[in-house]
Amino acid sequence: MATNRTFTMIKPDGVENGHIGGILNMITEGGFRIVSMKLTQLTVADAQKFYAVHSERPFFGELVEFMTRGPIVAAILEKDNAVEDFRALIGATNPADAAEGTIRKKYATSIGENAVHGSDSDENAAIEGAFHFAGREQF
Ligand code: GDP
């Protein structure tokens, strides 16, 4: 059964471009409750670990450099069917393919700099959330 939590990051491009408020508004309007949230910055080691599944891909170095170049907003979100519904709200990885009304359609600039992360499974949502937040920071 699907759990009701997912994990998101507003990526460095979204923060740099002044879209924290706009993206959080779409998230809450989309019916997600904020369980935990903070402004933080990934180290190179954090980003390499977070995206380890892509370590053999040609864009891995670019991805790590991008994800560590400035602050991000990390958050745990709650909603029924959270992982799947949040992937629908953010839209396709490449904003050129993202549907109207999605966060990436509105705020992403390229396939690499695509404004937001959303966990791709319940298992990864739990791992990613626990990486950033202690139990007492989850409301
Ligand atoms: P997601 O689950 O939609 O975020 O997509 P993936 O898991 O496939 O990729 C993880 C992240 O790697 C994406 O969100 C992008 O930031 C980045 N990425 C994916 N494909 C490319 C690419 O072709 N070039 C670059 N520079 N970054 C990419």
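Tabulated data for the structure shown
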quantity	calculated
Kirkwood Rh, Cα atoms: Rg over Rh of the chain	0.93
Per residue accessible area of segment 37-114, 1.4 Å probe, in Å²	55 Å²
Inter-probe distance in nm under a simple model that places probes 7 Å from Cα toward Cβ, at Asp120 and Ile34	2.8 nm
For segment 55-139: relative contact order, % (alpha-carbon pairs under 8 angstrom, 6 or more apart)	23 percent
Heavy-atom accessible area order for Thr28, Thr6, Thr109, largest first, 1.4 Å probe	Thr109, Thr28, Thr6
Most fluctuating residue given options Ala125, Ala96, Ala52, as computed from a GNM of the chain linking Cα atoms under 10 Å	Ala52
Nearest-10 value in Å² for the accessible area of Phe131, using the 1.4 Å probe	80 Å²
Karplus-derived 3J(HN,Hα), 6.51/-1.76/1.60, for each residue of segment 90-99, Hz, glycine and proline x	7, x, 4, 3, 8, x, 5, 9, 6, 5
³J(HN,Hα) computed for each position of segment 112-118 - Karplus, 6.51 cos²θ - 1.76 cosθ + 1.60, integer Hz, glycine/proline x	x, 9, 10, 6, 9, 10, x
Accessible-area ranking of Leu77, Leu39, largest first, probe 1.4 Å	Leu39, Leu77
Lys106 accessible area, assembled protein chains, probe 1.4 Å, Å²	130 Å²
Over the chain: helical MRE at 222 nm, DSSP H runs n ≥ 4 each giving -39500 (n - 2.57), nearest 500	-11000 deg cm²/dmol
All lysines inside 17 Å of Lys38 as judged from Cα atoms, apart from same-chain residues fewer than 8 positions distant	Lys11
Fully extended contour minus Cα-Cα distance, from Glu65 to Asn25, at 0.36 nm per residue	11.6 nm
Residue-by-residue Karplus 3J(HN,Hα) for segment 44-57, coefficients 6.51, -1.76, 1.60, Hz, glycine and proline x	4, 4, 4, 5, 5, 6, 4, 9, 3, 4, 9, 4, 8, 7
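The values are calculated or read from the model by the stated rules, or taken from the named source; none is laboratory data. Not measured: the values here are computed from a predicted model. Counting neighbours? That spans all protein chains shown, and the Cβs are built from the backbone with ideal geometry, glycine included. Just the protein is used for accessible areas: all its heavy atoms, side chains included, with ligands, DNA and RNA removed. Shrake-Rupley method; radii C 1.70, N 1.55, O 1.52, S 1.80 Å.
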